[in-house]
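Q: Below you'll find the structure I mean.
The values are calculated or read from the model by the stated rules, or taken from the named source; none is laboratory data. Treat the numbers as computed from the prediction; the structure is a model and nothing was measured. Cβ coordinates were reconstructed from backbone atoms using ideal geometry, including for glycine residues, and neighbour counts include every protein chain displayed.
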Amino acid sequence: MSLTGLFLILFLIVHLTGNLQLLSDDGGEAFNIYTDFMSHNPLIQIIAKGNYIFILSHAILGILLALKNKKAKGSKYAVSANNKSSWASGNMALLGTLIFAFLFMHMGHFWFQFKFGSELPLVSYDGVEMIDAYTKVVSVMSQPLWMALYIVGLAVLAFHLWHGFASAFQTLGLRHKKYTPLISVLGKAYAIIIPLGFAILPLYIFFTQS
Ligand code: HEM
C-alpha cells in the first residue's frame, strides 16, 4: 500500500506540473504539445502502464486492508505514535473508493476519449497534427456539473492524502525522532497544495471560458 501510494504521490506532482500549462495564455499550444509528447513517448508509455498497475494494486490492497482491519478492529500499526486519529485516518477506504469513482469519471472524460474516441478535435503546430486536448479539457471543465464534481473529487483527494502521506512512511517503518514530525508537516502541506493546485484548473477554466 505504502510503496504504491508513494509512487502515486510522485505521479500527482508530475501530472499537476504538466496540467498547469492549461493556465498559459497561448490558446492551449503548450498543453497540447505536452499532452502529445506524453502520449507518444515510449518511455512515458511504459511508466504510464506501471501507473495503471499501481493504481489498481493500491485500490485492491486498500480494500483487503480495510476488510482485515474491520475483522481485527485493532490498531493498523505495530507501533502507534499516539492515540489521536483524524477523521481521514478512519475513513481511508471510503475516501479511496470515492477517488476511484472520480478516476473513472476522469478517465472517461479524457484518457478513454483520446484512446478510443471518434471525432476528436485536432490542431496543427508547425505542420504536426495532434489531438486538441486543451479544447477537450475546456469543453468538460466549463460545464457546471463536471466542474463541481472535479472540485468535490479533489477535496476527497486532499482528505485521503492528509492521512495517507505520513501513513506511507510509518507503514514502511521509517520512524525517526527528528524526521517523522518533518514528514508529517510535509505530508499535510502536500495534501493541501497538490489538490488546491489541481482545483485552480477547473475553476480558472469555468470562470474564464464558459
Ligand atoms: C483537475 C485537474 C486535472 C486535469 C485538467 C487533468 C487532465 C488530464 C488529461 C487531459 C489526461 C489525458 C492525458 C492522456 O491520456 O494523454 C489525464 C490523464 C490522467 N489523469 Fe488527470 N487531470 C486532472 C486531475 C487528475 C487527478 C486529481 C488525478 C488522480 C487522482 C488524475 C489522474 C489521471 C490519470 C491516472 C490519467 C491517465 C494517465 C496516463 O494515461 O498516463 N488526474 N488527466
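Q: Please state which one of 182, 120 is at pLDDT below 95, within 16 Å of the ligand (Cβ to nearest atom) and not in a strand (DSSP E or B). Step through it out loud before you land on a result.
A: Details: 182 fails: within 16 Å of the ligand (Cβ to nearest atom).
Being at pLDDT below 95, within 16 Å of the ligand (Cβ to nearest atom) and not in a strand (DSSP E or B) holds for just one of 182, 120, which is 120.
Q: On to the next question. Kindly indicate whether residue 9 is of a type in the set (Val, Ile, Thr), closer than 21 Å to residue 196 by Cβ, at pLDDT 95 or above and under 17 Å from the mean Cα position of the chain (by Cα). If you could, list the steps in order and put the result at the bottom.
A: Details: of a type in the set (Val, Ile, Thr): yes; closer than 21 Å to residue 196 by Cβ: yes; at pLDDT 95 or above: no; under 17 Å from the mean Cα position of the chain (by Cα): yes.
Criteria not met by residue 9.
Q: Still on this model: Within the stretch 123-137, track down each residue that is near the ligand (Cβ under 10 Å from one of its atoms) and in a helix (DSSP H, G or I).
A: Restricting attention to the stretch 123-137, the residues satisfying the condition of being near the ligand (Cβ under 10 Å from one of its atoms) are 131, 133-134, 136-137.
If the condition is that a residue be near the ligand (Cβ under 10 Å from one of its atoms) and in a helix (DSSP H, G or I), then 133, 134, 136, 137 are the ones that fit.
Q: Right, here's the next one. Testing residue 176 on (1) closer than 30 Å to residue 26 by Cα; (2) more than 10 Å from the ligand (Cβ to nearest atom), one condition comes back false. Which one is that?
A: All conditions pass for residue 176, except number (1).
Q: Moving on. Given the criteria surrounded by 12 or more Cβ atoms within 10 Å (Cβ to Cβ), more than 9 Å from the ligand (Cβ to nearest atom) and at pLDDT below 95, does residue 149 qualify? Steps first, please.
A: Numbers: surrounded by 12 or more Cβ atoms within 10 Å (Cβ to Cβ): yes; more than 9 Å from the ligand (Cβ to nearest atom): yes; at pLDDT below 95: no.
Judged against the criteria, residue 149 is not a match.
Q: Inside the stretch 179-210, can you point out the residues that are over 30 Å from residue 27 (Cβ atoms) and not hydroxyl-bearing (Ser, Thr, Tyr)? Give the derivation first.
A: Pass one, the stretch 179-210, residues over 30 Å from residue 27 (Cβ atoms): 179-192.
Selection gives 181, 182, 183, 185, 186, 187, 188, 189, 191, 192.
Q: Among the residues of the stretch 169-186, which ones are surrounded by 12 or more Cβ atoms within 10 Å (Cβ to Cβ), over 15 Å from residue 9 (Cα atoms) and free of Cβ contacts under 8 Å to residues at least 40 places away in the same chain?
A: Once the filter is applied, which keeps residues that are surrounded by 12 or more Cβ atoms within 10 Å (Cβ to Cβ), over 15 Å from residue 9 (Cα atoms) and free of Cβ contacts under 8 Å to residues at least 40 places away in the same chain, the stretch 169-186 yields 174, 179, 181.
Q: Residue check: is residue 159 within 10 Å of the ligand (Cβ to nearest atom) and surrounded by 16 or more Cβ atoms within 10 Å (Cβ to Cβ)? Working first, answer last.
A: On the way: within 10 Å of the ligand (Cβ to nearest atom): no; surrounded by 16 or more Cβ atoms within 10 Å (Cβ to Cβ): yes.
Considered against the rule, which asks whether it is within 10 Å of the ligand (Cβ to nearest atom) and surrounded by 16 or more Cβ atoms within 10 Å (Cβ to Cβ), residue 159 comes out as no.
Q: Related question: Does the stretch 17-38 contain at least one residue that is more than 20 Å from residue 92 (Cβ to Cβ), of a type in the set (Ser, Thr, Tyr) and surrounded by 17 or more Cβ atoms within 10 Å (Cβ to Cβ)?
A: yes
Q: May I pose another question? In the stretch 88-109, which residue that is within 13 Å of residue 66 (Cα to Cα), surrounded by 15 or more Cβ atoms within 10 Å (Cβ to Cβ) and not β-branched (Val, Ile, Thr) is nearest to the chain's Cα centre (by Cα)? So that I can check it myself, show each step before the final result.
A: First, pick out the residues of the stretch 88-109 that are within 13 Å of residue 66 (Cα to Cα): 89-97.
Checking which are surrounded by 15 or more Cβ atoms within 10 Å (Cβ to Cβ) leaves us with 89, 91-93, 95-97.
Retained after the next criterion (residues that are not β-branched (Val, Ile, Thr)): 89, 91-93, 95-96.
Values: 89: 18, 91: 18, 92: 15, 93: 16, 95: 13, 96: 11 Å.
In this case the residue turns out to be 96.
Q: Which of the residues belonging to the stretch 100-138 are farther than 17 Å from residue 15 by Cβ, of a type in the set (Ser, Thr, Tyr) and either in contact with an Asp or Glu (Cβ under 9 Å, 6 or more places away or on another chain) or touching a residue at least 12 places away in the same chain (Cβ under 8 Å) (or both)?
A: Residues satisfying the conditions are 125, 135.
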